[in-house]
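Please read the structure below before turning to the comments.
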């Protein structure tokens, strides 16, 4: 016998809804945990303001005053004008000389004035969404742990009977631990703030599978933004494994027709050899077919990139105007790896991107915030697997720090990402600096196992005939046989 899935409501944060596979389950209660300053109250604000026009939302504040909460919300551009409040925060006269600091002694709680105020408000409003911040304040108003748990369980059951979806925060301290609340609620959302940035995890969620792991979070205008970690499988979808040509006939001969769609290519070589230009050439050819591409630049300013390509007949300005190319200059330490991956994913899905180039990998590892190199490379691998599964041709630009000398295809820890490796090399021949291009591997097709001379001119990239007389490139000591001296043509 089949059962209809439970009704869902938005948490107010699209990334969190994605983690929860559709949002919070209506009519249930959820605990938001985290140290002070991790964003618990802001998450509650986002949750309340996500209410539909026919829903009523109630903010029960037990610590900060309503005025302070509204001011804090306005500071992050959250509009609480339609939110009802039940302000149960302590009055300032609690701490006057005439008052005792034991004003919240358990003897007063036997009359249960606070919980009665909440239930009265719920009865009068019949709210669809309730946010209680923080519920653990009730612990200070009860005579012992048993009474606190009993009161919370009864309160949660009361709200559930009213069809209310409840979000509540806790203060997890040595004097006020909240472990018991995790057992009394239907789910737990944990917020953390560390050197690597803010994160959110969902260790418990009754009634549905969720996306596990630690996900990136930031607080900005409008409240909380969450960037779920990509699932390696990504989005599926059949696509033809056809080659993506460069439009340079000799280059495409090297690549047996081009770079296969849905593969990852590392273009490697020392500085100034033409790696970015080579990747952009594939995008120029794609633009001629009406296809869209995206470049993420970690090591070069957009203005410099545009000026350099215009000088060699790659019309990036026209491509930008026509919408066949987008260029994003990534600011150092401005994003976590998950934020970057989500931005790439959004660009690909919203704009039907066929080629993505990340330029360059060393800049990525230095610029992406807060994680060690091994973790960053692993997350880049996850992004690449997602893009491959979506049929995107991925180009990674990797700079080798040696201009000449012993050959290295890629920097350490990168080659396993690649289905294809195209390398560019500076050569010194008879006292003259030249360049060569070759293919080290292609997983999905055959390729030409020779080197060709590579040049960048005012007419663009030119690739010569196979350099069959060149020896010793991979050992770092290239030599020409006298009969095979390359021409200047």
ask   = Exactly one of (1) more than 30 Å from residue 73 (Cα to Cα); (2) modelled with pLDDT of 85 or more; (3) in contact with a helix residue (DSSP H, G or I) (Cβ under 9 Å, 6 or more places away or on another chain) is unmet by residue 242. Its number?
value = (3)
task = Keeping to the range 69-123, report how many residues are modelled with pLDDT of 85 or more, surrounded by fewer than 11 Cβ atoms within 10 Å (Cβ to Cβ) and closer than 19 Å to residue 163 by Cα.
result = 1
task = Being closer than 24 Å to residue 375 by Cα and either assigned by TED's automatic domain parsing to the domain that holds residue 346 or at pLDDT below 90 (or both) narrows it down to one of 171, 212, so name that one.
result = 212
key: Whichever residue in the range 445-470 is surrounded by fewer than 15 Cβ atoms within 10 Å (Cβ to Cβ) and at pLDDT below 80 and, among such residues, is nearest to residue 277 (Cα to Cα)   = 468
remark   = Considering residues that are surrounded by 21 or more Cβ atoms within 10 Å (Cβ to Cβ) and assigned to a helix (DSSP H, G or I), the number found within the range 346-355 is 1
task = Output the qualifying pairs, or none if there are none: Cβ atoms under 7 angstrom, residues six or more apart or on different chains, first residue in the range 109-131 and outside the structural domain of residue 49 (by TED's automatic domain parsing) and under 21 Å from residue 49 (Cβ atoms), second residue modelled with pLDDT of 90 or more and outside any helix (DSSP H, G or I).
result = none
request  = Need at least 2 residues that are over 24 Å from the mean Cα position of the chain (by Cα), in contact (Cβ under 8 Å) with a residue 24 or more places away in the chain and closer than 21 Å to residue 383 by Cβ per element, so show me which helices (runs of 4 or more DSSP H) inside the range 260-345 make the cut, counting only ones lying wholly within it.
outcome  = 275-288
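The values are calculated or read from the model by the stated rules, or taken from the named source; none is laboratory data. Because the structure is predicted, anything quoted here is derived from the model rather than measured. Note that we place each Cβ from the backbone using ideal geometry, even for glycine, and neighbour counts take in every protein chain shown.
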